[in-house]
Amino acid sequence: MESRRNPRAVVDPKVRQVGFFTSSQPDSSSSQLQQPDPISASASSPPVSTISPSGNSLSPVMIPPPRHNSSDAFPLRNAVVASAVSPSSFSYSSRRDFPDGSTTASPGRHSRGSFVKSSVPVASSLPGIGMDSMAAAKSSSVPASGLTTVSVVTMPPGLSEKASGMEVESDHKKNSKPLKEKTTKAERRAIQEAQRAAKAAAKVDGGKGPAVTSASVASTSAKAARPAKPTSQKNDVAVAAGAAEKKGGPSEKDRKKDAPHPRMQYDDESRVVKAKRRAVVKQTEAKNRVELFRHLPQYEHGTQLPDLETKFFQLDPMHPAVYKVGLQYLSGDISGGNARCIAMLHAFQEVVKDYSTPPEKNLNRDMTAKISSYVSFLIECRPLSISMGNAIRFVKNRIAKLPITLSESEAKAALQSDIERFINDKIIGADTVIVKHAVSKIRDGDVLLTYGSPTAVEMVLLHAHELRKKFRVLVVDSRPKLEGQLLLRRLIKRGINCTYTHINAISYIMHEVTKVFLGASSVLSNGTVYSRVGTACVAMVASAFRVPVLVCCEAYKFHERVQLDSICSNELGDPNAISKVHGREDINYLDGLTNNANLQFLNLMYDATPSDYISMIITDYGMVPPTSVPVIVREYQKEHLLV
Amino acid sequence: QNQNQNPRKLETSPCFLFTVNSVAKMDFQVVILAGGFSSTLFPLVSKEVPKALLPVANRPVLSYVLDLLESNNLKDLIVVVEGEDAALKVGGWISSACVDRLHVEVAAVAENVGTAGALRAIAHHLTAKDILIVSGDIVSDIPPGAVAATHRRHDAAVTAMLCAQPVSGPSESGGSGGKDKTKKPACEDIIGLDSWKQFLLYIAKGTEIKKDTRVKKSILCAAGKMELRSDLVDSHIYAFKRSVLQKVLDQKPAFRSLKQDVLPYLVRTQLRSDVFSDQSNVEENGNGNGKNNMQNNEVVLSQILSNASSPSFHQVYESGLDSRKTHKCCVYIADESKYFVRLNSIQAFMDVNRDVIGDANHLSGYSFSAHHNIVHPSAELGSKTTVGPHCMLGEGSQVGDKCSVKRSVIGRHCRIGSNVKIVNSVVMDHATIGDGCSIQGSVICSNAQLQERVTLRDCQVEAGYIVCVGGEHKGETFARK
């Protein structure tokens, strides 16, 4: 991983540079980094403005300033190194330590280099959307800079400057409870707590600092804040928060819905314990985990399935269809983004069909709650894919938007047909469009390479074959899933000329390839393709050989998130899958070493392919360069809400 | 066949009424086949005591099944009993024992119709998508949810639960003789599994196989590899897809037994299934009202779904030969640490009684004393009488002086004289045992009477039978002809 990342910084400076540079920037200046406003420009320091991303970046996606990242990293970083933070050097030291903090623990969604695109409009200085993003900042710990923008607009410049330091405070106080996403109450409470802690800290005079701070994040932040301006702090925060609320009031709700939930960080022990208590599926944490991937859930795979199976009749509110899908996820009977999504949606259709509103409850709310509980069950079985997240958002949105005047049966019918339409339009319909587009790129005599078993690509190949195009297919595969073999079987059955090889041979086989067709689990808004592990390798080799890489991906899998590496958000598979070969007892050299403390298995499921290896993304909205993904995301999202 | 069937709804308390209307849990209906007056257990069962009510540690064996199901949150049950009289008895017991805990319906079917016949008789009561069929004579702690979950996961036609062969005969630590005599045939079931131990490829009773047996070539080819196991037994807990089960029962009126006829039939025909043939028609009709486009979508959809999962050999086979339909026969193999015994022989009866107050005492539901035994407070013990570990002494029983009880279950209100030795035995309620008797490895049914100085070894005494003074018997069965 490390070796890949270093060259990446060179290959793709526009993205990388921003992330790395700004991470070392002082807090107050970076907060106004992306401010196009003259008011704030006066406040920012000159050297910073030269490397402002809006200044030199050509990327279609404005990379939000590092503030966001830091705000994510702050509280927990403090928790981790709580005792080490000296109150006076608060902003400085935390800045410096930032990369560590973000890797080891962060309560936010994406610790490393992954941002939410919602802050892009801010950078483009659209005032109306600026409000929105500010609201988003409030609700979901999106960059504090968003907050700054607004406060500059609403408040006298002098005050805003003063507030900029404080806003970090208010922001990371919010972040201290990122899971709840509460606004006013939580904030007030945080302030209260902060003051209390400050008092306590004043009493012990820093000597017992660690003891006080180690416990709660809020108190840490308070303590850090104390020497700065204990008296004015409350006012500033209140003003900033108040202003933010007033302005962001109406749009806040929508934003909140859009903002992805903060992802659980599995190296945060207290949270893991808490989550475990809630969990339906018994999750035994795997012992030897790779350090870099500690924040991802990894469980002992052997025990989960039997345990869940024995509880079959004991999960009272579970719908059988959902349960079945969960079991199939857990056992790996269903895999692949489209199939998982369709299976889930079908289960939800069943749920809707069998649903009846309990007395004295509202259909919209009760069903949303129900779906949420099912979703959390499914997440326990296997982390959601991004496509599923989008589909869930769609379903919930439809439920919420159901007119209250509809009778229950009408509402149910409407929902069912909505879900049906989603499947037909967004998945199957999209695939047919993709096939149409992609086939036009296949010429006679082509040698096409594909990796794994992407559904869309398979359809493309089959359709091209039906059109009697003369081409040859190279199926590249990898252990442990060997999905390519299934694809191979189906292609051969249709009479397509195929070659099968493993990914080890990729550099050799690439000579003869004319086009690479890949599937994707998701395409992120900086053009990064998030896909089955190994895809990045194939794409990289292809681009090194100047072979065009075409990614077939339905637009419902697009996501506004930005991700620069495959570390912060990924999935860990069963370590046994790579340590053992089924049916080959003779080559199980690792027998008995599974629990050795010196051995850690890493079975990554996905990787992120940087956009510069990708020539074209074929989606249901046409063939676009990876740089156009944010446009589709934006348009699509709009449509998404209106559907 | 005219089954005089008489499903009786039992009284349910008001607080439980709502579950009556509720849909079957997870779309599973539970049927308990409680049997009737089994002939294999002959002197133990009688007109008064049907098989389901045989006491295991002074509780009817059926109560173990009900407890198991209840602990798994299955509270709507159908109990099928062979014979009107037996049904009355079983129904009476259930209504007294679990009146406000469970919702149980008892159905009586004609005697000797077999398990398949019994299901045929109650077929019209089955409405859920899947049926969980549990034999009424098992004592186990294997959660039935597991088999149901496996069934659902694979969308199987039938799923059978297999477990490790129970240890038979008195345990080694028992220290008494008579081990080898009671040994059962070495293997009960021959079971063929695929290499992932998920699918059932072959099943036969060990006793049926003389020298050679036939295995379907097509199945063997499709699965590639078959593992024949004789260390597993069929636990008689099955999950059936209702449509399949009803179809088989309809199509094959000759089938009498689930285990010997229906299950092997389904296993045999898994690659050329008849049971699904018209189901797909129904499906197509259901979707047919849409446009052509819709149907096309359905095809694509099912393709995506089937391509996504790694196919079982069924699907591979199906795709190889277009028109063939297949169904899946799955297995769930219970963990070896779980306890499982089927009460289907006298030896098994002894084993179960021994285990429930011994090794598997978590099943009994009693709390054991410090001496690992249960002596009811109202039981009276004479002077110098010892009750060893792994013993149970029921309510109101009297034991005279200088007696010794080891590894035995003694029922309620028994009267046992002085100088009696009881080892590895079961004495049921209201039995009377005279002075100086010695009982080893025997079953004394209720109301039986042993006069003075009787020595029994590996004997069974029928209910109400009187064994005369001073007899010395070995391996006999006492019953009125």
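Listed values, structure above:
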read-out: Residue B:402 versus residue A:273: modelled label distance in nm, points set 7 Å from Cα along the beta carbon direction; value: 6.3 nm
read-out: Out-of-range pairs (alpha-carbon distance over 25 Å; input B:51/B:205; B:205/B:252; A:481/B:328; A:353/B:328; B:25/B:89); value: A:353/B:328; B:25/B:89
read-out: Pairwise label distance in nanometres, residue A:189 with residue A:586, each label 7 Å out on the Cα-Cβ vector; value: 6.3 nm
read-out: Residue A:492/residue A:432 FRET efficiency (R0 25 Å; Cβ-Cβ; nearest 0.05); value: 0.60
read-out: Estimated inter-spin distance, residue A:468 and residue A:407, nm [label 7 Å along Cα→Cβ]; value: 5.7 nm
read-out: Interchain or long-range residues, amide H under 5 Å from residue B:79's placed H; value: B:32, B:105, B:106, B:107
read-out: Net charge dipole size for region A:269-426 [Lys, Arg +1 and Asp, Glu -1 on Cβ; Debye, nearest 20]; value: 500 debye
read-out: Under Karplus coefficients 6.51, -1.76 and 1.60, residue-wise ³J(HN,Hα) of region B:384-392 in Hz, glycine/proline x; value: 6, 9, 10, 10, x, x, 6, 10, 9
read-out: Residues B:82, B:70, B:336 arranged by fewest to most Cβ contacts within 10 Å; value: B:336, B:70, B:82
read-out: HN-Hα J in Hz across region B:79-86 - Karplus 6.51, -1.76, 1.60, θ = phi - 60°, x for Gly and Pro; value: 9, 9, 10, 7, x, 5, 5, 4
read-out: For region B:371-478: relative contact order, % (alpha-carbon pairs under 8 angstrom, 6 or more apart); value: 16 percent
read-out: Region B:26-122: trypsin sites (Lys or Arg not before Pro) falling in loop per DSSP and having at most 16 other Cβ within 10 Å; value: B:47, B:101
read-out: Exceeding the 24 Å Cα-Cα cut-off - candidates A:324/B:325; A:426/A:515; B:129/B:325; value: A:426/A:515
read-out: Residue A:530 long-range amide H proximity, modeled H, under 5 Å; value: A:521, A:522, A:523, A:524, A:609
read-out: Ranked B:38, B:397, criterion: other C-beta atoms within 10 Å, fewest first; value: B:38, B:397
read-out: For region B:409-419, 3J(HN,Hα) per residue [Karplus equation, 6.51 cos²θ - 1.76 cosθ + 1.60, θ = phi - 60°, Hz, x = Gly/Pro]; value: 10, 10, x, 7, 6, 7, 10, 10, x, 8, 6
read-out: Net charge dipole size for region B:371-478 [Lys, Arg +1 and Asp, Glu -1 on Cβ; Debye, nearest 20]; value: 300 debye
read-out: Placed amide H near residue B:229: partners under 5 Å, 5+ positions off or other chain; value: B:191, B:192, B:193
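A short reminder: the numbers here are calculations on the coordinates, not readings from a lab. All values reported here derive from a predicted model rather than from experimental measurement. In this analysis, Cβ positions are derived from the backbone assuming ideal geometry, glycine residues included, and neighbour counts consider all displayed protein chains.
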